[in-house]
Amino acid sequence: MNYPATGYHHITACAGGAQEDVDFFTSVVGQRLVKQTILMDGSFPHYHLYYANAKAEPGSVMTTFPYSRIQGRPGSGQIQATAYSVSKDSLPFWQGHFKRHKIEHSPIEERFGQKFIRFKHPAGLYFEMIEDKDDDRQPWSTDEINQSEGVRGFHGAVLSVRDIPEQERFLVEALGFKKTGVDGKYHRFEIAGGGANKTLTLLHEPDRAPGSWTFGAGTVHHLALWVADDEAMAAQKAIYEEIGYTDASEIKDRYYFHSMYVRSPGGILVECCCNANGGFERDETFDRLGSQLHLPPWFEDRRQEILATLEPIKAPAIATARA
Ligand SMILES: [Fe+2]
């Protein structure tokens with residue numbers, strides 16, 4: 001079977017405060033703020049902030065809903081950590097960087113022969129920097145983080161599940177992942193040739209209580225895999241339905257993307273996503289990505305009301321010269 005998904009498009013988490021989230025991703029992780037908009041579902045306005053690498057590429061896009069209204073409950077059936085890839089031998093730099101920013105972090109650890117450090121977002125979310133010598137995507141850079149150390153994009157997500165077999169069947173039969181290794185309680189899956197941005201890791205935690213499914217600060221809401229276009233999206237929906245994942249959602253218009261969601265057997269929400277209408281550049285030029293709040297047209301008549309409820313944020317100065 002030909003499977004449409006080729007790697008990640010974005011990963012979406014619920015943060016707490018908006019400014020602390022912007023500071024974490026732009027100053028600590030060193031990503032580029034590429035879009036400020038709002039959550040397109042529901043009636044309460046919440047920011048939807050997007051961070052990415054220098055080219056704002058799918059597979060580097062971390063998105064957050066700063067969502068201090070409700071606290072999430074971490075647990076199994078959730079994405080436990082989101083891993084970025086960085087260059088070989090750059091972890092000592094990151095240790096020093098995290099220390100300077102007073103970011104809680106682990107010593108250098110190893111999984112499937114790759115070195116990584118785990119570190120913590122102020123809302124309690126876990127991230128990792130994984131060394132990957134083969135990832136040549138272009139990082140964003142900052143006053144403190146050079147291109148040689150910067151994050152290239154995602155390496156992959158680590159998903160906590162109580163039971164491996166049904167989640168494995170979903171990954172393999174519905175999405176086309178291949179199982180490529182087991183390292184203790186970690187099970188590695190790769191798609192479209194594997195490596196950075198094409199790796200997904202299951203963490204077997206049979207005794208861990210399930211985490212919350214709703215939006216809630218401190219939890220990851222979903223991961224999104226990238227498919228080429230609307231035709232590929234329809235093909236993926238047909239695969240889901242043929243196998244029996246009848247709860248795959250309709251294909252939704254997310255203004256910059258088209259998206260479809262399905263709840264996977266382990267509890268993790270999985271989206272498939274393709275760029276639509278120019279993607280991030282639909283409403284601002286590449287050089288000015290992320291510089292101001294953009295509302296989709298159907299929210300424009302509520303702009304003043306929405307602005308009044310959102311925490312004011314100070315975005316970093318546009319620094320295209322650094323890319
Ligand atoms: Fe999404």
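Note on the chain: with a GNM built from Cα contacts shorter than 10 Å, the maximum mean-square fluctuation among Leu295, Leu203, Leu225 falls on Leu295.
Take the Cα of Ala238, step 7 Å toward its Cβ, do the same at Asp287, and the gap between the two points is 4.4 nm. Rg and Dmax, both from the Cα atoms of segment 176-323 and both in Å, are 18.9, 54.
Scaling the Cα radius of gyration of segment 8-322 by the globular reference 2.2 N^0.38 Å produces a ratio of 0.94.
Extension gain, Thr180-Thr309: 0.36 nm per intervening residue step, less the Cα-Cα distance, totals 41.7 nm.
The helix-only estimate of mean residue ellipticity at 222 nm for the chain, built from DSSP H runs of length n ≥ 4 each weighted as -39500 (n - 2.57), is -3500 deg cm²/dmol after division by the residue total. The separation of segment 230-298 from segment 24-57, counted between C-alpha centres, amounts to 16 Å. Using a 1.4 angstrom probe on heavy atoms only, work out the carbon and sulfur share of the accessible area of the chain in %. Whole-percent figure for carbon plus sulfur exposure: 49.
Quick one: of the DSSP bridges fully inside the chain, what percent are antiparallel, nearest 5? Display every interim value, and only then the final one.
Values: 50 of 75 bridges.
Antiparallel bridges: around 65 percent, rounded to the nearest 5.
Checking the Cα-Cα distances for Lys88/Lys314; Lys55/Lys237; Lys99/Lys185; Lys198/Lys252; Lys185/Lys237; Lys35/Lys252 against a 21 Å cut-off, the pairs over it are Lys88/Lys314; Lys55/Lys237; Lys99/Lys185; Lys198/Lys252; Lys185/Lys237.
When ligands, DNA and RNA are left out and all protein chains stay put, how many square angstrom of accessible area per residue does the chain have with a 1.4 Å probe? Write out the running numbers ahead of the final one.
Details: 13370 Å² over 323 residues.
Averaged over the residues of the chain, the accessible area is 41 Å².
Dipole magnitude for segment 61-152: computed about the Cα centre from +1 point charges on Lys and Arg Cβ and -1 point charges on Asp and Glu Cβ, it is near 480 debye.
The values are calculated or read from the model by the stated rules, or taken from the named source; none is laboratory data. In this text, all values refer to a predicted model and were calculated from it rather than measured experimentally. Using ideal geometry, Cβ is built from the backbone for each residue, glycine included, and neighbour counts are taken over all protein chains shown. Protein only, heavy atoms only, side chains kept; ligands, DNA and RNA dropped before computing areas. Shrake-Rupley method; radii C 1.70, N 1.55, O 1.52, S 1.80 Å.
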